[in-house]
Amino acid sequence: MNSVFLLIVFIAFATAAWRQWHWVAPAGDAGNAAQAAQAAQAAQTASGPMEQLSSSMIAAAGSAIELAIGLVGVMALFLGLMKVAEQGGLLIVIAKLIRPLMVRLFPQVPPNHPAMGAMILNMSANALGLGNAATPFGIRAMQALDALNPRPGTATNAMALFLAINTSGLTLLPAKVIAIRASAGSMDPAGILPTTLFATVASTLAAIAAALWFQRLFPVGAPSAQELTQEQAMPRPWVAQFATEGARRDADDVGAYPLWVSLLALLGVALAIPASIVWGKAIAPWIVPGMMLGFLLYGAARRVRVYEAFVDGAKEGFEVALRIMPYLVAILVAVAMLRSSGALEAIVGTLAIVTAPLGLPAEALPMALLRPLSGSGSYGVMSSILTDPAIGPDSYTGYLVSTLMGSSETTFYVLAVYFGAVQVRRIRHTLIAALLADAVAVAASVAICRYLFA
């Protein structure tokens, strides 16, 4: 991550510096004295490339803090629910239901560990398009995985695989994208469901294969003396918490459910795919309220003091927000520099010559490049394309950018938030696997949209 961060900043600075060197302040029409005065004032106040870069950096730093603060409420809510679920044993039940699949994907994680249930809840929330509601589940999963980590500050194989799957954008119901398409006047706003499903399944399979393969090429290795000192000094309060819960978990564990029960659960997951396509729009508004009521009722049935447990878990939302702020500032400022400097525009102009004949037109290329970097930026690109009268939401390009948005994730943001929550700085092969999954999502989106809409 150090190399990636430095490379982005260097490219942005070099591009802005080159543009600043060749920049000439705009001059207005000096046909009379008043216009001449206005032109002189405009020349004095016009922002050059370096000034624009500086402004974007300051604005991005402020936006990162606002984003982290905005996440506090969501984290407090869902981490509170997670605490109720943990104390009631719901995560163990969920982990046992999907145990045959999860133990094969994550052999380093004990089958009844809370990380299993938390990962499944995170993946389910992402699949249902719940957005930020999935983040607290993912952070909880990362904390549980870090409790098993023999090298604090270094990503484990399980962490890398979990985040590769997370950044692959596994989505059954891209509700936000469908809503934007509908507001843009699409005659078939939900027409991207089959294309999104195809692309997101392809990218997820690629993420799993890449993470499992790369973990052999990038072993953890022995720590240096300096790294060992840093690891021993690293505060990890969540580790003690999961160690305490581990004793209760081991006492409650009675083994896996019968195979037929797990197969039935996996069949239910498979049936959820067509169900989300047919009834997704009607079900979506019920998901979050139903989740809260269901968790609390389950906890009450298991004799959990749900209010105290909820408040105890909600407190962690503030602590997590403080931990991730520096990571968000770093990555969002770097991305803002890349966009403001004009480097991204230059890259798009160069690549469009090659990608246009392959089915990725110049109008959609910024979306493909920006999606792993910036969620708000990619939403802005998609909205501008869908509302462009010359393109529109029901054109090939409109379907393509919608599919790209629904089948991929903001990779750098996810890595910054989740690794920042557990203070992991050495991410090993996670970024490579995630970016490979992003590339597969783009290729799959182009292939399915060309087949159906070109």
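Relative to the present Cα-Cα distance, how much length would full extension add between Ile69 and Gln20 at 0.36 nm per residue of separation?
14.2 nm
Is the shape of the range 366-454 best called rounded, prolate or oblate, per the rule: a/c under 1.5 gives rounded, else a/b larger than b/c gives prolate, else oblate, with a ≥ b ≥ c the square roots of the Cα gyration tensor eigenvalues?
oblate
How do Trp260, Trp23 rank by accessible surface area computed with a 1.4 Å probe, from largest to smallest?
Descending accessible area places them as Trp260, Trp23.
May I ask you to derive the relative contact order of the chain, considering only C-alpha pairs under 8 Å and at least 6 residues apart, and to give it as an integer percent? Intermediate values should be presented prior to the final figure.
Working: 638 pairs, mean separation 133.7, N = 454.
Computed over the chain, the figure is 29 percent.
Helix-derived [θ] at 222 nm for the chain: sum -39500 (n - 2.57) over DSSP H runs of at least 4, divide by residue count, nearest 500? Numbers along the way, then the final one.
Values: 20 runs with 341 residues, N = 454.
Per the formula, -25000 deg cm²/dmol.
Taking Rh as the Kirkwood radius, which is the inverse of the mean 1/r over Cα pairs, what is the Rg/Rh value for the chain?
Rounded to two decimals, Rg/Rh equals 1.01.
Round to a whole number: what % of the accessible area of the chain belongs to carbon and sulfur, probe 1.4 Å?
Details: 14240 of 20720 Å².
Carbon and sulfur together cover 69 percent of it.
How much accessible surface area, in Å² rounded to 10, belongs to the heavy atoms of Asp394 with a 1.4 Å probe?
Asp394 exposes around 60 Å² with every protein chain in place.
Within the range 382-425, which residues have the backbone N less than 14 Å from the label spot 7 Å out from Met187 along Cα→beta-carbon, could you tell me?
The answer is 392-396, whose backbone nitrogens lie closer than 14 Å to the label point.
Any idea of Ser183's accessible area? Nearest 10 Å², probe 1.4 Å.
Around 100 Å² of this residue is reachable by solvent.
The values are calculated or read from the model by the stated rules, or taken from the named source; none is laboratory data. Predicted model, so just to flag it, every value in this text is computed and none were measured. Positions of Cβ are generated from backbone atoms using ideal geometry, with glycine treated the same way; all protein chains shown enter the neighbour counts. The accessibility values were calculated without ligands, DNA or RNA, using every heavy atom of the protein model including side chains. Shrake-Rupley method; radii C 1.70, N 1.55, O 1.52, S 1.80 Å.
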